Amino acid sequence: MAGIGMPRLGVWAWAFVGIVAATAIIVTAFAAVKEIMLPLTFAVVLAIIFKPMAVRLTRRGMRAGVAAGIVVLGLLGLMVLVAVATVQGIVAQRGAIGSSVDDAAAEAGDSLSVDPATWSAVQESVETMAPTLQFGFVSTLVSGLGALVVIASASILGALIMYYLLKDGTRLRRSFVNRVGRGVRGELDDFIGAACRTLRSYGWGRTVMSAIVATVIGLTSLLLGLPLVLTIVVVNFVGGYIPYIGAFLGGGLAVIIALGDGGIPEAVIMLIVVLAANLLLENFVEPVVMGSNLDIHPLVVLVVTALGGLVGGIVGLILAVPATVIAADGLARLQRRGVLDEVADRAEPAVRRALD
C-alpha cells in the first residue's frame, strides 16, 4: 500500500509546489502592472456587485449604456463625497485627534505609574515620526502632484472599465463561455454565476455589517459625549470591509479617543461595546447577511485575510475571503468532474519513475 500511495502523494506535493510557484508569478506580474491591475480588479468587483442595479434601470426602459453611466457616475459621486468629507474631517480635526492620543497616553501612563523619565523617552521617540504625526497619514498619502495624477488616472480607468462591464458584461460572459467545449459550457457558466453571487453576497454583507458596527459605535460615542464622532463612524465603516483587522483599527481609535476624553471608565465602556458589536455580528448577523454560499469558519477567515494581506496588500485583505470561497467552489467542481483525478493519474507514472 505504501508503494502505491507514494507516487500519488508525490503528485499532490508537486501540484502544491506548482500552485505556490504560479501564485508567486501571478502576484509578481500583477505588482509590475499594478497601476492597471488595481483599478481593473476593483472595477470588476464593483461591476459584479452593482450589476443588478443597472439591470433594474434597463427594465424600466433605460438603454443599457445610460443605465451603466448612471450607476458609475452615482458611485463615483458617492465615493468622492465620502473621501472629501473624510479627509476634511481628519485634517480639520488633526489637532483634536493628536490631543486625544496624547491625553490617552498620559492617562494610561498615570494609571500604570510609568516613570516620568521613561515617559519622556517614549514621547521623544514618537516625535521622531514627525512627518506622519504632524501632517497625518491621509495628508501624506495624497500629497504631491504625482500621487494625485496616479489616483485620478486609476479612477478614470476603473470607471471606464466598470462602465463597459455593466453595459456589455452579459454579452462578454456569453462570448467567453461559448469559446469552450460544449460539454463544459453549462458548468463554466454556472461557476461564473456562483462566483458573481458570492461577490455580491460578500459586498452587500460587508456593507450591512459595517453600517451596523459604525452606527452602534457612533451612538455610543454620542452618548458618552466624545469628540470626533464623525471620524469614528467613518473609520469603523470603512474598516468593516477588512475582516478583523478593520474592526481592530476602527475600534482601537474609538477606545483611544474615549480614553483621552473621559479616562479609563469611558474607555472600558467603549471597549465592551466594540467587542460586543463585533462578536454579535460574527456569530448572529454575519451568517444571515452573508448567506449559505459564504459559509466559512471565522478561523479560516482570519487566516486567509492575513495571507491575502501578505500577498496582495489592501486588495488581498479585502478580497481574500470571497476569493477563497470561489477557489474552493472551482476545485470542488473539478473534483466532481474527475478532472483532478485524471490529472493525477496522468502524472503518476512520471512521478513513479522519478521515485524509482
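Heavy-atom accessible area per residue, the range 169-317, 1.4 Å probe: how many Å²?
Accessible area per residue: 52 Å².
What length, rounded to one decimal in nm, is gained on full extension from residue 44 through to residue 303, with 0.36 nm per residue of separation minus their alpha-carbon distance?
Length difference between fully extended and current span is 90.8 nm.
For the range 319-336, what does the Karplus curve 6.51 cos²θ - 1.76 cosθ + 1.60, with θ = phi - 60°, yield as ³J(HN,Hα) per residue in whole Hz, taken in order and with x for Gly and Pro?
9, 4, 5, x, 5, 5, 5, 5, 5, 5, 5, x, 5, 5, 5, 5, 5, 5
Once you place label points 7 Å from the Cα toward the Cβ at residue 172 and residue 160, how far apart are they in nm?
Spacing of the two 7 Å Cα→Cβ label points: 1.3 nm.
May I ask you to give the percent of accessible area on the range 208-254 that is carbon plus sulfur, with a probe radius of 1.4 Å?
87
Tell me the label-point distance for the pair residue 337, residue 197, using the 7 Å Cα-to-Cβ offset, in nm and rounded to one decimal.
My value for the distance between the label points is 1.8 nm.
The values are calculated or read from the model by the stated rules, or taken from the named source; none is laboratory data. Treat the numbers as computed from the prediction; the structure is a model and nothing was measured. Cβ: placed from backbone, ideal geometry, glycine included. Neighbour counts: every protein chain shown. Only protein heavy atoms, including side chains, enter the accessible area calculation; ligands, DNA and RNA are left aside. Shrake-Rupley method; radii C 1.70, N 1.55, O 1.52, S 1.80 Å.
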